[in-house]
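This report refers to the structure that appears directly beneath it.
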Amino acid sequence: MKRLGVEIIDMDVKKLVDLLNAALADEWLAYYQYWVGAKIVEGKESRQIARELEEHAMEELKHATKLAERIVKLQGKPILKPEEWYKKTNCGYEAPLSPEGKKILQQNIKGEQCAIAIYNGLLKKIKDKDPITYQMIAEILEEEIQHEFDLQTLLEEIS
Ligand SMILES: [Fe+2]
Ligand SMILES: [Fe+2]
């Protein structure tokens, strides 16, 4: 059936879906990195750090939801197998091998900075081509910038 909502997109929709699936992989890995970090963090201000990590984890999961829903509207398939996360990710996954709060914060700051760069690049690719995805990614980017700010503020406070 004709989908005008897809036809109005002024770029290769398959390529757009691939870009969104790479971001979806990033979000799931970011979600888990925060989630497990919150469980294992130790030391100074660990409870405050855990709360922040949990909050971020939930927001990364919401980003994954938005991306998956957009992919479906574009008549694509969100990644179906978790092993694809590692194959498609831009930003990878950094295991919190040390439970030290400062180290975990630094790892997650690095992840946020990767996300900011990726989403900013994505916005440039889809500008004037798909206003709906553009608006959604701009909203996600705003939250990644907030995440970077929150983590850096917390790191300064405990340093
Ligand atoms: Fe995110
Ligand atoms: Fe984030």
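Compute the acute angle (0 to 90°) between the alpha-carbon long axis of helix 131-158 and the principal axis of greatest extent of the alpha-carbon atoms of the chain; round to the nearest 10°.
10
Expressed as a rounded percentage, what relative contact order does segment 1-156 have, with Cα pairs under 8 Å and six or more residues apart?
For segment 1-156, the relative contact order is 30 percent.
Kindly write out, for segment 57-64 in residue order, the coupling ³J(HN,Hα) from the Karplus curve 6.51 cos²θ - 1.76 cosθ + 1.60 (θ = phi - 60°), rounded to whole Hz, with x marking Gly and Pro.
Values, residue by residue: 4, 4, 6, 5, 5, 5, 5, 4 Hz.
In deg cm²/dmol and to the nearest 500, what is the mean residue ellipticity at 222 nm of the chain if only DSSP H runs of at least 4 residues count, each as -39500 (n - 2.57), divided by the residue total?
Dividing the helical sum by the residues of the chain leaves -26000 deg cm²/dmol.
Rounding to the nearest 10 and keeping the result within 0 to 90°, find how far the Cα-based axis of helix 13-40 lies from the longest principal axis of the chain.
It is inclined by approximately 20 degrees.
Could you tally the net charge around residue 32, taking each other residue with its Cβ under 12 Å from the Cβ of residue 32, Lys/Arg +1 and Asp/Glu -1?
-3
Under 1.5 on a/c is rounded, so check that first for the chain, then, if it is not, pick prolate when a/b is larger than b/c and oblate when it is not; a ≥ b ≥ c are the square roots of the alpha carbon gyration tensor eigenvalues.
prolate
How big is the gap, in Å, between the Cα center of segment 120-147 and the Cα center of segment 39-66?
23
So, counting K/R as plus one and D/E as minus one, what does the shell of residues with Cβ under 10 Å around residue 129 add up to?
Value of the local net charge: -2.
Enter the angle in degrees (range 0 to 90, nearest 10) between the Cα long axis of helix 101-126 and the first principal axis of the Cα atoms of the chain, meaning the one along which they spread out most.
Between helix and principal axis, roughly 20 degrees.
Which of the trypsin sites (Lys or Arg not before Pro) found in segment 1-48 are loop residues per DSSP with 15 or fewer other Cβ atoms within 10 Å of their Cβ?
2, 3, 44
Excluding residue 155 itself, what net charge comes from residues whose Cβ is under 13 Å from its Cβ, given Lys and Arg +1 and Asp and Glu -1?
Summing Lys and Arg as +1 and Asp and Glu as -1 gives -4.
Build a GNM of the chain with springs between Cα atoms under 10 Å: which of 132, 79, 71 gets the top mean-square fluctuation?
The residue with the greatest mean-square fluctuation here is 132.
Using the Cα centre of the chain as the reference point, and only Cβ charges (+1 on K/R, -1 on D/E), how large is the resulting charge dipole? Debye, rounded to the nearest 20.
Roughly 760 debye for the chain.
Springs between alpha-carbon atoms under 10 Å, Gaussian network over the chain: tell me which of 81, 66, 110 tops the mean-square fluctuations.
81
Every number in this text was worked out from the coordinates using simple rules, so none of it is lab data. Remember, predicted model here, so these are calculated numbers, not experimental data. Using ideal geometry, Cβ is built from the backbone for each residue, glycine included, and neighbour counts are taken over all protein chains shown.
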